[in-house]
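This report refers to the structure that appears directly beneath it.
The values are calculated or read from the model by the stated rules, or taken from the named source; none is laboratory data. Note that the coordinates shown come from a computational prediction; the quantities given were computed from them, not determined experimentally. Heavy atoms of the whole protein, side chains included, go into the accessibility calculation; ligands, DNA and RNA do not. Shrake-Rupley method; radii C 1.70, N 1.55, O 1.52, S 1.80 Å.
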Amino acid sequence: MFGLEPHVLVLLLLCLVAACAFEFVNGFHDTANAVATVIYTNTLRPWVAVIWSAFWNFIGVLTGGIGVAMGIVYLLPVESLVDQNIYHGIAMVGALILAAIIWNVGTWYYGIPASSSHALIGSILGVGIAFSLLPESGGAAVNWSKASETGVALLVGPLFGFTLTILLMFVLKRFVRNKAIFKEPHKRKPPPLWIRLILVATCTLVSYFHGSNDGQKGVGLVMLILIGIVPTFFALDSAKNPLDMRASLAQVEMVVNKINPEELSAKDKADLVLVKQQTAALDRIFAGRTDVNKLPQSERFQIRKAILLTYSRAKNIMASEKVSLSTADRKTYDDAIANMRSFTDYAPWWVLLMVSLSLGVGTMVGWQRIVKTIGERIGKEHLTYAQGASSELVAAIMIGASTWAHLPASTTHVLSSAIAGSMVANRGIKNLNPQMVRNIAMAWVLTLPVTMFLSGGLFLLFRALI
């Protein structure tokens, strides 16, 4: 299989199983975020709620696209993604998966709503920084521009969740005359039908968008494994013919050749030279080829490398207003490079299915610990119907917006902050449980550094043992 030696194939399968385990842990770790309100308010029986949530998580992964997944893949520098040494790839993915799982399981065990997103991203950053310490890295560590976008998204989500829930609670109190929605749930009786429908709808939305966002992180993780361990087979989308990108390559070269080097800074001049080297390398690979079957697997890897390096080097050049290109030329370049990137930015259907099943099955177990935290421990009062519905509606909107923008969101922190906002809207800041808020905040603060340290240390250990 893939022409791998038996022991390497076993390691590949173990890494894929570990990725499924991470997504399974992600499922039961984050289940409470979607089902807490419907279970706590007796809207749905627990087993109905978790199966319903699992189904919509499954659908979310399958239909959510791969924008967030590729954002996860490209957190690491291009140089680390195009290393053909299989054992280096195993060290990379093994370290980041193990670190993320250790943190996820630990916080779940203590009932702390920590973020699986933070854990995975911290693990990836830790591997990237550790990679920069190696001689062959050339100092490359992390795609900091992508990491910055990701960090802002993870920070802004909880702040917006907190604020928007306060505003929504104010609107509900102002305009909803039926005060039953503001009452604490009865321990045995379900709420009125109209409240039940609202709570089921918000649970469904959170479950779907959780799948569309968190599920993509699992897809990105699996693609990191496949690209890192079997780069020649998964370098390009096998469903597409690489020779079909030649027209786009010609358009990129046409626009690049119009750039005047004298308009560029020293760094951009050097990058322009590298861009032209990579497009020339693609020309040499494609020259005289009319049959895709005559394109060796090793050259498919070189195509991927050239596309990624061309894109990364040209990005800042093309964004500069000092470069005197017409609007039409810029659009021609954007369309052409996007077509070329479609060959590298993909996920096979079986990866989507594998991740969606892992997340869906994980969703059906392990929810009890964090449901109690969400329902009773964030505030000093029990969660009301209005608080539950408004918190989940805001969480669904924030996660959906992040998926649309191709950015990862922390479902846990968005919902926890939304519930905290609903508590504040009810009786002010004193209505929060300071001990639990401290625990959640501590997990939020510690997740990145701890997982970075864990994954970086494991990566260097594994590389030393190879």
*asked:* Let me check something: with ligands and nucleic acids excluded, how do Ile337, Ile198, Ile429 order by accessible area (1.4 Å probe), largest to smallest?
replied: Ile429, Ile198, Ile337
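Stokes-Einstein D for segment 258-310 at 4 °C, 1.567 mPa s, Kirkwood Rh over Cα pairs, in µm²/s?
On the way: Rh = 12.4 Å.
Once the numbers are plugged in, D ends up at 104 µm²/s.
For Arg45, Arg313, Arg188, Arg341, what's the largest-to-smallest order of accessible area, 1.4 Å probe? Before the final figure, lay out the partial values.
Numbers: Arg45 165, Arg313 75, Arg188 195, Arg341 35 Å².
The ranking, largest first, comes out as Arg188, Arg45, Arg313, Arg341.
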*What ³J(HN,Hα) values, in whole Hz, does the Karplus curve 6.51 cos²θ - 1.76 cosθ + 1.60 give for segment 44-51 when θ = phi - 60°, with x put for Gly and Pro?*
10, 5, x, 5, 5, 4, 6, 5
*Report, to two decimal places, the Cα Rg of segment 241-337 normalised by 2.2 N^0.38 Å (N = number of residues).*
1.11
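Run the accessible area of segment 267-349 with a 1.4 Å probe and give the carbon-and-sulfur part as a rounded percent.
Details: 2200 of 4250 Å².
Percent of accessible area from carbon and sulfur atoms in segment 267-349: 52.
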*Over segment 129-232, one equal point on each Cα, no solvent: what is log10 I(q)/I(0) by the Debye formula at q = 0.14, 0.22 Å⁻¹?*
-0.84, -1.35
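On a 27 Å Cα-Cα criterion, which of the cross-link pairs Lys173/Lys217; Lys183/Lys217; Lys217/Lys294; Lys258/Lys305; Lys189/Lys217 come out too long?
Values: Lys173/Lys217 37 Å; Lys183/Lys217 37 Å; Lys217/Lys294 34 Å; Lys258/Lys305 24 Å; Lys189/Lys217 38 Å.
With Cα atoms farther than 27 Å apart: Lys173/Lys217; Lys183/Lys217; Lys217/Lys294; Lys189/Lys217.
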*Sorted by accessible area (1.4 Å probe), largest first, how do Thr412, Thr327 line up?*
Thr327, Thr412
*Round to the nearest 10 and report in Å² the accessible area of Ser248, as given by a 1.4 Å probe over the protein chains' heavy atoms.*
10 Å²
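Over the chain, what is the mean sequence separation of C-alpha contacts under 8 Å (at least six apart), divided by residue count, expressed as relative contact order in percent? Mind dumping the intermediate values first?
Values: 773 pairs, mean separation 175.9, N = 466.
It rounds to 38 percent for the chain.
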*With every protein chain present, what accessible area does Asp335 have (1.4 Å probe, heavy atoms only), rounded to the nearest 10 Å²?*
80 Å²
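Taking a probe of 1.4 Å, how large is the accessible area per residue of segment 170-309, in Å²?
Numbers: 6810 Å² over 140 residues.
That works out to 49 Å² for each residue.
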*For the chain, what does -39500 (n - 2.57) per DSSP helix run (n ≥ 4), summed and divided by total residues, give at 222 nm, in deg cm²/dmol to the nearest 500?*
-24500 deg cm²/dmol
_For segment 268-277, 3J(HN,Hα) per residue [Karplus equation, 6.51 cos²θ - 1.76 cosθ + 1.60, θ = phi - 60°, Hz, x = Gly/Pro]_ = 5, 4, 5, 5, 5, 4, 5, 4, 5, 5
*Report ³J(HN,Hα) in whole Hz for each residue of segment 330-347, in order, from the Karplus equation J = 6.51 cos²θ - 1.76 cosθ + 1.60 where θ = phi - 60°; Gly and Pro get x.*
4, 5, 4, 5, 4, 5, 5, 5, 5, 5, 5, 5, 5, 7, 9, 9, 7, 8
*Solvent accessible area, Å² - Met92, 1.4 Å probe, full protein context*: 10 Å²
